[in-house]
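Below: one structure, written as structure tokens.
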Amino acid sequence: MSPRLTLEPVDTVPSDSQVCHYDELSEDAKEELPLLTVSDDVCVDGSIANGFQNCDLVKYTDYYEVSVI
């Protein structure tokens, strides 16, 4: 079963959050990121999900909270 990944925009960044910047992501994750910012829930390849495993938040055009299910 493919992991499900969501990104939710956030207004505040908790000080204890692990933040990954767009340029730190794998090439696969960078390719998928624009779709993830406009979709509610997306099934992704495991390699893409792994690219977000160490991130609580991703900094792209805004800050997005990462959830991998």
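Summary of computed values
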item	result
Cα long-axis angle, helix 27-38 against the chain (0 to 90 degrees, to the nearest 10)	70
Any cysteine of the chain lacking a neighbouring Cys Cβ under 4.7 Å - listed by number	C43
Cα-based Kirkwood hydrodynamic radius, the chain, one decimal, Å	11.8
Computed [θ] at 222 nm, deg cm²/dmol, the chain (DSSP H ≥ 4; -39,500 (n - 2.57); rounded to nearest 500)	-7000 deg cm²/dmol
Potential lengthening between V68 and D16 on full extension [0.36 nm per residue; Cα-Cα distance subtracted]	16.8 nm
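Here, each number is a calculation from the coordinates, and none is a lab measurement. Quick caveat, the model's predicted, so the values are computed rather than measured. No Cβ is skipped: glycine too gets one built from the backbone with ideal geometry, and neighbour counts run over all protein chains shown.
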